[in-house]
1. Checking the condition within 26 Å of the chain's Cα centre (by Cα) and of a type in the set (A, V, I, L, M, F, W, C), which residue from Leu384, Leu397 passes?
2. Pick out, from region 199-304, the strands (runs of 3 or more DSSP E) lying fully within it that include 2 or more residues that are over 23 Å from Lys185 (Cβ atoms).
3. Scan region 186-226 for residues that are modelled with pLDDT of 95 or more, closer than 23 Å to Ile128 by Cα and among the hydroxyl-bearing types (Ser, Thr, Tyr) and jot them down.
4. Can you tell which of Val149, Val196 is out of contact with any strand residue (DSSP E or B) (no Cβ under 7 Å at 6 or more places or on another chain), farther than 19 Å from Ile23 by Cβ and of a type in the set (Val, Ile, Thr)?
5. Looking only at strands (runs of 3 or more DSSP E) that fall completely inside region 39-125, which ones have 3 or more residues that are open to solvent by 50 Å² or more (accessible area, probe 1.4 Å) and at pLDDT 95 or above?
6. Specify which of the listed residues (Lys154, Lys192) is open to solvent by 60 Å² or more (accessible area, probe 1.4 Å), more than 27 Å from Cys412 (Cβ to Cβ) and touching a helix residue (DSSP H, G or I) at 6+ places or on another chain (Cβ under 6 Å).
Amino acid sequence: MLKTFKIGGIHPNDNKLSKGCAIEKMPLPEKVVISLSQHIGAPATATVAKGDKVKVGDLIGKATGFVSADVHSSVSGTVVAVDAQPDTSGVRKPSVTIAVEGDEWNEQIDLGAENIPDITPKEMMDAIAHAGIVGMGGATFPTHVKLSVPDGKKAEFLIINGVECEPYLTADHRVMLERPDDLLKGVAILCKVLSVKKAFIGIENNKPDAIELLTKKAAGGGYGDVSIEVVPLKVQYPQGGEKQLIDAVIGRQVPSGALPIEVGAVVQNAGTAVAVYEAVVKHKPLIERVVTVTGKSLASPKNLLVRLGTPVQALIDYCGGLGDNTGKVINGGPMMGRAACNLEGGVTKGTSGVLLMNDGEAKRKPSSPCIRCAKCVSVCPMGLEPYLINVMTKNGLVAQTEPLHPYDCIECGSCSYTCPAGIPLLDFIRLAKGEVMKIMRARKS
């Protein structure tokens, strides 16, 4: 029997329109707008000024503090602005705008290198940090921070997230199919940094080709004393959530408010593992990523290898352009993505997909009063009571929702998806989550 997590979950239509589309290299744009705040934590501080010349891979933003990440130029050219620019959501963030002039790379990057160097775990960790790698599944948590196991804790397992349960998105699927060796070498590097001997790669069984390929490759060995096991999983959303994946793969439940390391696990995305390989072996910073551009009304859905900072509009144009009936553009997938209001905003380290929804899909059905069916409770993967948090938040009782653990919400949208009354439950849970976390932080300080 296929494994899966034990609490909640839903089964939205996959709509993996681009699963058979090999990764294409996106042509360079005329300019890029690279955000200095494309990770969880403090924004990077610009290390360049207007008029500076940069190459691909040059540092343009230095991490500030422990929870932060370096930012590098994804192109070669001239810095034309260092200021605040709106991202795809319209929020102005500190950014570096570069006019593209050729494609000259930093001399330290060795694209021909393939073998893992004989260096210490500390040197590997430093290479990962200096490359500015963050979680590429969407959370964008700095990878070097996640690999820094707190004193008194011990990592027992590395779990690679190859689930990609979000409908429409296929970027990780294509990475697993087209770069399996690089992925497995990245897994070996991560295991060495964590001092663990066992790694699991969780993949849902709607990707049988990836399961078969990686199982065969992993069985061939060649990854030192690390044992890598591919775990086929039942298709169930949101299995890509860290806590849900840990439950599915090793059967351990992460306590409320705790991190995966509490149960001996560290989770990394499949794309992140490839980026780790490139950082340690090729000295290549995170300057590009695979993005799924898709939608039922899009002429040519694709999986594109895109330089960071490339305008989202350029990706859409490359795939056929906006259709007349496009109702909404989503940065990410339909369940956890956010609506884009500025298509000139640049691709970031966390941009896993660009989804064009037609008018019918984009239109939210009108809501009606709650019918007390408790479907939202049954599907919540965190065991919350969405209907109750919703009612209390609507009635100004946000502080009293703390015992209901709104801070545990992973914002998967399962509650809103399944609500027969069409109530935007997640919107109100987000409000409660933010306010309760403010209260908790104030109490701590």
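The values are calculated or read from the model by the stated rules, or taken from the named source; none is laboratory data. Just so it is clear, the structure is predicted and the values come from calculations on it, not from any experiment. Please note: Cβ atoms are built from the backbone with ideal geometry, for glycine as well, and neighbour counts cover all protein chains shown. We work out accessible area using only protein heavy atoms, side chains counted, and drop any ligands, DNA or RNA first. Shrake-Rupley method; radii C 1.70, N 1.55, O 1.52, S 1.80 Å.
1. Within the list Leu384, Leu397, the selection yields Leu384.
2. 288-294
3. Ser195
4. Checking each option against the conditions leaves just Val149.
5. 77-86, 92-100
6. Criteria check complete, one pass: Lys192.
Matching residues to (1) surrounded by fewer than 21 Cβ atoms within 10 Å (Cβ to Cβ); (2) touching a residue at least 12 places away in the same chain (Cβ under 8 Å); (3) part of a strand (DSSP E or B):
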position: Cys341; (1), (2), (3): yes, yes, no
position: Leu356; (1), (2), (3): no, yes, yes
position: Arg364; (1), (2), (3): yes, yes, no
position: Val377; (1), (2), (3): yes, no, no
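So that you can scan it fast, the table gives a plain yes or no per residue for (1) assigned to a helix (DSSP H, G or I); (2) modelled with pLDDT under 95; (3) among the aliphatic types (A, V, I, L, M); (4) not assigned by TED's automatic domain parsing to the domain that holds Ala248:
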{"position": "Thr393", "(1), (2), (3), (4)": "yes, no, no, yes"}
{"position": "Thr401", "(1), (2), (3), (4)": "yes, no, no, yes"}
{"position": "Ala421", "(1), (2), (3), (4)": "no, no, yes, yes"}
{"position": "Phe428", "(1), (2), (3), (4)": "yes, no, no, yes"}
{"position": "Val436", "(1), (2), (3), (4)": "yes, no, yes, yes"}
